[in-house]
Amino acid sequence: MAYLLRVLVLLMVLGISLTTSVALGWVDINFGHIQLAIVSFIYTIFAQAFVMFYFIGVSRLMNNIYSVLQNEENLGELFDKPPKDLEPYKKKTFKFVQDADRCKRQTIPWTMLMLVLGSIAFLLGGAHDTNLVSKVVHSGVVYGFMVAMFIGFFRQWHYLKVSHIALRKVKTLFEIPDGQM
């Protein structure tokens with residue numbers, strides 16, 4: 001799943017970069033930057049929603065597993081035959097919980113900033129098209145959106161790897177099938 005999400009965010013960056021290149025006149029294609037912005041931003045919303053819910057889901061899974069171990073109830077959900085000593089599992093799972101929560105904390109704010117700045121830039125583009133705001137205002141917000149997008153992209157790229165590895169380790173530890181969350 002992490003690889004799919006990496007492809008989604010990479011395509012998002014390429015789409016926004018193409019839109020910006022057309023707007024600045026660096027690339028000439030049959031579509032204007034307004035048409036490209038509509039498609040690119042809708043795709044950005046789609047990709048960021050997937051990324052955000054992935055990090056939320058991984059964090060929720062890790063917290064649920066840790067909760068089952070702490071309460072020592074429903075151990076049958078994790079083990080066929082629960083061991084008597086759960087301390088090694090608790091220590092490892094606590095590390096997974098910390099990793100998953102850190103990944104979520106480090107990526108979701110950038111996701112939200114991208115979506116907010118992108119929405120404002122999109123609306124200001126329409127306002128500029130109808131001569132309600134100057135080009136400088138629209139361009140400034142677009143540049144802010146792009147900075148947030150690039151920072152968010154690199155954070156998401158890194159933390160998708162961290163989450164993927166933690167997810168693989170916890171699935172191996174508890175012998176959870178790959179297709180199951």
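Can you tell me which of Val9, Val51, Val13, Val39 is in contact (Cβ under 8 Å) with a residue 24 or more places away in the chain, more than 30 Å from His128 (Cα to Cα) and either open to solvent by 60 Å² or more (accessible area, probe 1.4 Å) or of a type outside the set (S, T, N, Q) (or both)?
Sole residue among the options that is in contact (Cβ under 8 Å) with a residue 24 or more places away in the chain, more than 30 Å from His128 (Cα to Cα) and either open to solvent by 60 Å² or more (accessible area, probe 1.4 Å) or of a type outside the set (S, T, N, Q) (or both): Val51.
Every residue, every condition in (1) in contact with a helix residue (DSSP H, G or I) (Cβ under 6 Å, 6 or more places away or on another chain); (2) open to solvent by less than 30 Å² (accessible area, probe 1.4 Å); (3) aliphatic (A, V, I, L, M), yes or no:
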{"residue": "Val116", "(1), (2), (3)": "no, no, yes"}
{"residue": "Ile120", "(1), (2), (3)": "yes, no, yes"}
{"residue": "His128", "(1), (2), (3)": "yes, no, no"}
{"residue": "Ser134", "(1), (2), (3)": "no, no, no"}
{"residue": "Gly140", "(1), (2), (3)": "no, no, no"}
{"residue": "Phe154", "(1), (2), (3)": "no, no, no"}
{"residue": "Val162", "(1), (2), (3)": "yes, no, yes"}
{"residue": "Ala166", "(1), (2), (3)": "yes, yes, yes"}
{"residue": "Thr172", "(1), (2), (3)": "no, no, no"}
I'd like to know if the stretch 160-174 contains one or more residues that are touching a residue at least 24 places away in the same chain (Cβ under 8 Å), closer than 23 Å to Ser59 by Cβ and not in a helix (DSSP H, G or I). yes
Using the structure shown, decide if Asn74 is exposed (fewer than 14 other Cβ atoms within 10 Å of the Cβ) and within 23 Å of Leu36 (Cβ to Cβ). no
Take Phe31 and decide whether it is farther than 21 Å from Ser139 by Cβ, open to solvent by 30 Å² or more (accessible area, probe 1.4 Å), out of contact with any Ser or Thr (no Cβ under 7 Å at 6 or more places or on another chain) and without any contact (Cβ under 8 Å) to a residue 40 or more places away in the chain. no
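Filter the stretch 82-104 down to residues that are open to solvent by 70 Å² or more (accessible area, probe 1.4 Å) and assigned to a helix (DSSP H, G or I) and give me whichever is nearest to Pro177 (Cα to Cα).
Within the stretch 82-104, the match that is nearest to Pro177 (Cα to Cα) is Lys92.
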Within the stretch 54-70, track down each residue that is aliphatic (A, V, I, L, M), open to solvent by less than 20 Å² (accessible area, probe 1.4 Å) and within 18 Å of the chain's Cα centre (by Cα). Val58, Met62
Only unsatisfied item for Phe79, checking (1) open to solvent by less than 80 Å² (accessible area, probe 1.4 Å); (2) touching a residue at least 60 places away in the same chain (Cβ under 8 Å); (3) farther than 23 Å from Met12 by Cβ; (4) assigned to a helix (DSSP H, G or I), is (4)
Single residue of Thr44, Thr20 found to be under 15 Å from the mean Cα position of the chain (by Cα), in contact (Cβ under 8 Å) with a residue 12 or more places away in the chain and assigned to a helix (DSSP H, G or I): Thr44
Tell me, please, whether a residue that is outside any helix (DSSP H, G or I), out of contact with any His (no Cβ under 7 Å at 6 or more places or on another chain) and aliphatic (A, V, I, L, M) can be found in the stretch 127-143. yes
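The values are calculated or read from the model by the stated rules, or taken from the named source; none is laboratory data. As the structure is a prediction and not an experimental result, all values here were calculated from the model. Every residue, glycine among them, receives a Cβ derived from its backbone with ideal geometry; neighbour counts consider all protein chains shown. The accessibility values were calculated without ligands, DNA or RNA, using every heavy atom of the protein model including side chains. Shrake-Rupley method; radii C 1.70, N 1.55, O 1.52, S 1.80 Å.
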